[in-house]
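Reviewing the structure listed below.
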Amino acid sequence: MLETLNLVLASGLGLGFVPFAPGTAGTLLGVALAWWLLGLRLGHQLTISAALLCLGVLVCHLAARYHGGIDHSSIVFDEIVAFPLAVMGLAAARTLWAMAAAFVVYRLFDALKPPPVNLAEFAPGGLGVVLDDVIAALLTWLVMAALLSLRHLVFHKAA
């Protein structure tokens, strides 16, 4: 029963089984989680995210072991728990356009796996499954912080 519960969690309540782009489908739950977290104080965002990332390493490790030691496409819990890092602390990201931009940028980094994202996959077990998503989210955060700062400068200069 615990194994089944872990697999349901690892698959993002089944989103990991969609036939096309399961990581993208799973990330949608991460967007909802990020939206909720952005409504909290930064300290709470960090604490909850750290706890979820630790849980993610365990959940993804057990799910990968179930699937023969691989990061099976149905495992999307890593995207869910890592995506909020893409907008962490960026209060201005709690808008539809900013969240959509973060979603697109994050999915590009996660799918294309440019360096240093690709280097994280060499870490063993659940750590490797989650770490590449964390790095993709941190790179997304850099892009989003720059975009939001630029947007702020442009709109305030125009006003």
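The values are calculated or read from the model by the stated rules, or taken from the named source; none is laboratory data. None of the values given here were measured: they were computed from a predicted structure. Note that each Cβ is placed from the backbone with ideal geometry, even for glycine, and that neighbours are counted across all protein chains shown.
Here are the numbers for this structure:
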read-out	value
Count of residues meeting criterion [touching a Gly at 6+ places or on another chain (Cβ under 6 Å) and hydrophobic (A, V, I, L, M, F, W, C)] in region 1-25	1
Some residue of region 14-31 being of a type in the set (S, T, N, Q), surrounded by fewer than 16 Cβ atoms within 10 Å (Cβ to Cβ) and on the phi < 0 side of the Ramachandran plot	no
Test: T27 is of a type in the set (S, T, N, Q) and either under 19 Å from A136 (Cβ atoms) or at pLDDT below 95 (or both)	yes
Matching residues, region 6-42, being part of a loop (DSSP other than H, G, I, E, B) and within 17 Å of the chain's Cα centre (by Cα)	S11, G12, L13, G14, A21
Test: residue in region 64-77 that is within 20 Å of M99 (Cα to Cα) and of a type in the set (S, T, N, Q)	no
Some residue of region 44-57 being surrounded by 14 or more Cβ atoms within 10 Å (Cβ to Cβ), over 19 Å from L127 (Cα atoms) and without any contact (Cβ under 8 Å) to a residue 60 or more places away in the chain	yes
Output for region 93-113, where each listed residue is of a type outside the set (A, V, I, L, M) and closer than 20 Å to L147 by Cα	R94, T95, W97, F103, Y106, R107, F109, D110
Every pair of residues 6+ apart whose Cβ atoms lie under 6 Å, when the first sits in region 74-88 and is closer than 20 Å to T4 by Cα while the second is modelled with pLDDT of 95 or more and aromatic (F, W, Y)	S74/F17
